[in-house]
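Taking it in order: structure first as structure tokens, then the write-up.
Please treat every number below as a calculation from the coordinates, not as lab data. Given the structure is predicted, the values throughout are model-derived calculations rather than measurements. When we count neighbours, we look across all protein chains shown, and the Cβ atoms used for this are built from the backbone with ideal geometry, even at glycine.
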């Protein structure tokens, strides 16, 4: 256990370093992290609503609504009124959002692959690490 004491900080630093310049490289420089996270969730769960996003991001509902409004104004998300309750909305990414996030994911992947090479990790080690991380994520 004591060998893993620094793991949370290492994971935080990895995430921070991946995100530091990646949005700029992918053309999403103007998006604050909260908008990037909401946009990511809308692309993963098309048709989701504000309550879903609020639950997943742990943001206040007013902040989530404001974030969605900004993404709509940027042309990255579309809102469709709910079938039963017209005040409720379903959210969908625009094709531009999907392209931008695919570019961002490619930037992150490229940075990770470069880091793996610099760290001397072989392809089988990288594959094993991916499986381990997927198992960890599933357990959380």
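How many nm is it between the label spots at residue 128 and residue 60, if each spot is 7 Å from the Cα in line with the beta carbon?
It is 4.8 nm.
In degrees between 0 and 90, to the nearest 10, how far off the longest principal axis of the chain does helix 123-139 point, with axes built from Cα atoms?
That helix lies at roughly 50 degrees to the long axis.
Can you tell me the orientation of helix 33-44 relative to the chain, as the angle in degrees between its alpha-carbon axis and the longest Cα principal axis, to the nearest 10?
With rounding to tens, the tilt is 80 degrees.
Which of the three applies to region 69-140, rounded, prolate or oblate, going by the alpha-carbon gyration tensor with a ≥ b ≥ c and a/c under 1.5 meaning rounded?
Here region 69-140 falls in the oblate category.
Stretched out fully, how many nm does the piece from residue 139 to residue 102 gain, at 0.36 nm a residue minus the Cα gap?
Value of the extension gain: 10.7 nm.
Would you kindly state how much longer the chain becomes between residue 2 and residue 44 on full extension, computed as 0.36 nm times their sequence separation minus their alpha carbon distance, in nm to one decimal?
Going from the current span to full extension adds 11.5 nm.
Under the rule a/c < 1.5 gives rounded, and otherwise a/b versus b/c splits prolate from oblate, where does region 31-93 land using the Cα gyration tensor?
prolate
Just to confirm the number: angle between the C-alpha axis of helix 95-119 and the first principal axis of the chain, 0 to 90 degrees, nearest 10?
Compared with the principal axis, the helix lies near 10 degrees.
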